[in-house]
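Data first, discussion second: the structure below is written as structure tokens.
Just so it is clear, none of the values below were taken in a lab; they were calculated from the coordinates. Just so you know, these numbers come straight off a predicted model, no measurement behind them. Counting neighbours? That spans all protein chains shown, and the Cβs are built from the backbone with ideal geometry, glycine included.
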Amino acid sequence: MRKYINSKLEGLAPSGIRRFFDIASEMEHVISLGVGEPDFDTPWKIREAGIYSIEQGRTIYTANAGLKSLREEISRYVRRKYDLTYDPQKEILVTVGGSEAIDVGLRSILEPGDEVLIPEPCFVCYAPCTVLAGGVPVPVPLSEKNEFKLTAEDIQAHVTDKTKVLIFPFPNNPTGAVMDRQDLEKVRQLIIDLDLFVISDEIYSELTYGTERHVSIASLPGMQERTLVINGFSKTFSMTGWRLGYAMGPADLIKQMTKMHQYAIMCAPTLSQYAAIEALRNADQEVEDMRTEYDHRRRLVLKLLKEMDVPCFEPKGAFYVFPNISRFGLTSEEFCQKLLYSKHVAVVPGTAFGDSGEGFVRISYAYSMQQLKEALSLMRAFTEELARGQHV
Amino acid sequence: MREEILRVMDRNARISVTDLAAILDASEDEISSEITKMEREKIIYGYHTMIDWDRTNDDHVLALIEVRVTPQRDQGFDAVAERIYRFEEVSSVYLMSGAFDLMVVVEGKTMKEVALFVARRLAVLDYVLSTSTNFVLKKYKENGMVLAEEKKDERIIVSA
């Protein structure tokens, strides 16, 4: 029998997260700070709207691009939140999570050999999706000294005449970095001059801390026509399991993406779409309450890290901190494994998010204060032992 | 800052000053001096433990009593409210809008004890026109907390 599995797919390495998960899930009584999803339940009014839609027998397909009323609601939401203007008829596609939007977006844009700039450390799907779409991922390592922001120099150092797409993952998983308006202004002109197309993954846009709220790169002059904005309901409304996201971009691109989505997916889950309408209309307070809680935990975690003398730049977004553990003389993976084996605390090696994550670990604060304190006090004991030369 | 402190303490009165300082990004001195001031100003007028008595060996009943009263010249409802809230058996008294005037919360060991209190002490007061006693049979949610709900973290232990 001939080999029947796609070799490009086979050639993709399993994610570093997966490897670490395999170890952690074998152990008992692990205190995890390793998840990438909210700990809050979906606010009840949203769940209730989902239940009601099922009671009403709304158990059929929707339009391929998503319910018209949902697209209209998304259009209103992004206008009031981010000053973005998108036509619900032609410029918005409702997808199965932000993940599908990223995949379909890349596949709708890339030709074989096109290069995609991927700022790292970052969420794990961009490079594999690029490869599967026939493109060539080009990692752009970001550095702690720039607070893991993307600079014009970073872009310039990696761009070639084959570069077509720039992935723009802010607020960032795993670093928690954000790009504020000034930061965006510094790269805007270069992106236009180089004629790059931007895929801006803004899934954490509602989870930013400090005085400035999220600014979408698409809202800057000259950017909307060359940007695909990805967003969704998972992080903002604690709706990961509902699998619902959306893509907003130029009508010609959304048209082609909708075609691909139609053949591959048909439409996003109907009940999730009805629940999402309620989320966009009536859950601002619930989102604000969750954001405040995340902010409290963020400050707590930063303080506890400071007390254990583990340097960490102050992240302003998402629900992660990305402390620098290089002073202990271990690789990220060694650090995490030893921490797991000796204290049963799970944090994720920075290298799971790209080579430039070496020397860092990702700590998620999508956990109760009590669990954060417990886990970090164990981590403190561990770092003290490391400093005394144990665990070597 | 005050409202931030209060919002956190509203859900967890026992949070330490150290933790409050950490999560609100303030110094411990600032936090404790604000709390002391708010205690002095009666903004914080006490600390309460939320107890599910049904899980203990103690008998405990709770009754919400709707009371209609005649307001008095110059004093409105305040004088009669005071006559009522002075009783140790009474844990809360609220002046209400709607079909009755005072909501009186009474705690006791047995239904009989509460019923006798209403009959002998409350109903006979001057200016009290009528009482209607409603016993709490089961608490589902109190002070924003759902009772008897144990949540397990079912998320995948490590995810991207």
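Key figures
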quantity	calculated
Within-9-Å neighbourhood charge of residue A:230 [Cβ basis; K, R +1; D, E -1]	-2
Selected from A:264, A:60, A:336, residue furthest toward positive end of dipole (chain A; charges at beta carbon)	A:60
Along each principal axis, Cα extent of the stretch B:53-139, largest first, Å	47, 24, 18
Debye equation applied to the C-alpha atoms of the stretch A:149-297, log10 I(q)/I(0) at 0.12, 0.14, 0.19, 0.22 Å⁻¹	-0.59, -0.79, -1.26, -1.43
Cα centre as origin, Lys/Arg/Asp/Glu Cβ charges: the stretch B:53-139 dipole, Debye	200 debye
Selection from A:254, A:129, A:110, by position along the positive dipole direction of the stretch A:44-282 (Cβ)	A:254
Nearest-0.05 FRET efficiency for residue B:45 and residue A:381, computed from C-beta distance (R0 35 Å)	0.30
For the stretch B:79-84, Karplus couplings with θ = phi - 60° (6.51, -1.76, 1.60), whole Hz, Gly/Pro x	5, 6, 4, 5, 4, 7
Within straight-line cross-link reach of residue A:186, lysines at Cα separation under 29 Å, skipping those fewer than 8 residues along the same chain	A:81, A:145, A:149, A:162, A:164, A:235, A:316
Within chain B, longest stretch free of exposed trypsin sites (Lys or Arg not before Pro) [DSSP loop, at most 12 other beta carbons within 10 Å]	B:43-72
Positive-end extreme of charge dipole, chain A - chosen from A:96, A:189, A:13 (charges on Cβ)	A:96
Distance (nanometres) between label positions extended 7 Å along Cα→Cβ at residue A:145 and residue A:285	4.9 nm
Charged-residue dipole, Cβ positions (Lys, Arg, Asp, Glu), the protein assembly as shown about Cα centre, Debye nearest 20	980 debye
Approximate spin-label separation residue A:303-residue A:8, in nm, with each point projected 7 Å along Cα-to-Cβ	5.1 nm
Dimensionless Rg ratio for the stretch A:23-127, taking C-alpha atoms and the 2.2 N^0.38 Å reference	1.46
Low-density loop positions, chymotrypsin sites (Phe, Trp or Tyr not before Pro), the stretch A:1-99 - DSSP coil, at most 12 other Cβ in 10 Å	A:4, A:61
Distance between the stretch B:97-115 and the stretch B:14-55 - C-alpha centres, whole angstrom	30 Å
Neighbourhood charge, 12 Å Cβ-Cβ cut-off, centred on residue A:64 and excluding it, Lys, Arg +1 and Asp, Glu -1	+4
Charged-residue dipole, Cβ positions (Lys, Arg, Asp, Glu), the stretch A:252-331 about Cα centre, Debye nearest 20	320 debye
Note, ³J(HN,Hα) from phi for the stretch A:33-43, Karplus 6.51, -1.76, 1.60, rounded to Hz, x at Gly and Pro	10, x, 8, x, 9, x, 8, 6, 6, 4, x
Value of D in µm² per second that Stokes-Einstein yields for the protein assembly as shown, Kirkwood Rh from Cα pairs, at 4 °C (1.567 mPa s)	48 µm²/s
Beta bridges per DSSP with both ends in the protein assembly as shown, % antiparallel, nearest 5	65 percent
Hits among lysines - C-alpha to C-alpha of residue B:37 under 27 Å, sequence gap 8 or more where chains match	A:303
Separation between Cα centres of the stretch A:186-227 and the stretch A:56-93, rounded to whole Å	21 Å
Gyration tensor (alpha-carbon) shape descriptor, chain B, a/c threshold 1.5	oblate
Estimated FRET transfer efficiency (residue B:60, residue A:23; beta-carbon r; R0 56 Å; 0.05)	0.70
For residue B:53, net neighbour charge (Lys/Arg +1, Asp/Glu -1) across residues whose Cβ lies under 14 Å away	-2
Under the span-like rule (Cα at least 24 Å along the axis, Kyte-Doolittle mean at least -1.0), DSSP H helices of chain A	A:369-387
Anchor residue B:152: aspartates and glutamates whose Cα lies under 14 Å away (excluding residues fewer than 8 positions away in-chain)	A:39, A:41
